[in-house]
Amino acid sequence: MDRDTAPWLFDPAATRALVLARRSPGGGPVGDVVSDVVWGEVVRLLRWAAAGGSGPPELRPGTWWRLAAESAALLRRLPALSAEIDQPWSVVPPAPAEPGVDPAGRIGQVARRLTDRLRSGEPVPLRVLAAEVDALGEAAVQAIAAHSFGS
């Protein structure tokens with residue numbers, strides 16, 4: 001993630017405003033709660049991605065582990081949350097990694113796409129969001145592996 005992301009990403013008022021802005025007009029209480037939960041979790045993932053990209057090198061593998069675990073936790077919840085708001089659920093594969101980008105760079109790419117979705121205000125079906133979360137977790141696992149093998 002870009003360093004200029006950190007000021008708004010770690011500002012609770014700014015991120016709360018972004019999360020609340022993701023609610024769909026006339027979505028009702030259940031839709032609002034699901035939206036708040038999902039986008040609040042996306043903000044947490046973006047914070048872990050930022051920490052992994054900007055923290056001291058010796059701490060990065062730990063933040064990548066947390067990013068991978070938090071991504072998996074959200075992925076496990078998304079089918080049920082999708083059912084709560086009557087959205088159809090299907091598995092959408094994550095976008096393939098761009099050639100020549102190392103895993104840590106891939107984390108940054110996926111985090112930027114998630115940031116764009118968060119800030120756009122455009123509706124995002126949960127199955128589409130799940131593909132991005134899956135890609136983020138996948139990149140985190142690959143970064144851990146690359147670090148472990150010294151690549």
A convex hull over the alpha carbons of the chain yields, per residue, a volume in Å³ of 103
Which percent of the accessible heavy-atom area of the chain goes to carbon and sulfur, probe 1.4 angstrom?
59
Report the paramagnetic label zone for Phe10: residues of segment 45-79 whose backbone N is under 13 Å from a point 7 Å from Cα along the Cα-to-Cβ axis.
47-56
The answer for chymotrypsin sites (Phe, Trp or Tyr not before Pro) in segment 6-78 that fall in a DSSP coil and have at most 12 neighbouring Cβ atoms within 10 Å is none
Which shape class, rounded, prolate or oblate, goes with segment 54-129 when its Cα gyration tensor gives a ≥ b ≥ c as root eigenvalues, a/c under 1.5 marks rounded, and past that a/b bigger than b/c marks prolate?
prolate
Starting from the residue with the highest accessible area, list Leu9, Leu81 in decreasing order, probe 1.4 Å.
Leu81, Leu9
What is the extension gain from Ala146 to Val128, computed as 0.36 nm multiplied by their sequence separation minus the C-alpha to C-alpha distance, in nm to one decimal?
3.8 nm
Per residue value of the accessible surface for segment 13-75 (all protein chains in place, 1.4 Å probe), Å²:
46
Any idea how far apart Ala17 and Arg113 come out in nm if each label point goes 7 Å out from Cα toward Cβ?
2.8
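The values are calculated or read from the model by the stated rules, or taken from the named source; none is laboratory data. Keep in mind that this is a model prediction, so the values were computed, not measured. In this analysis, Cβ positions are derived from the backbone assuming ideal geometry, glycine residues included, and neighbour counts consider all displayed protein chains. Accessible surface is based on the protein model in full, side chains and every heavy atom, while ligands, DNA and RNA are left aside. Shrake-Rupley method; radii C 1.70, N 1.55, O 1.52, S 1.80 Å.
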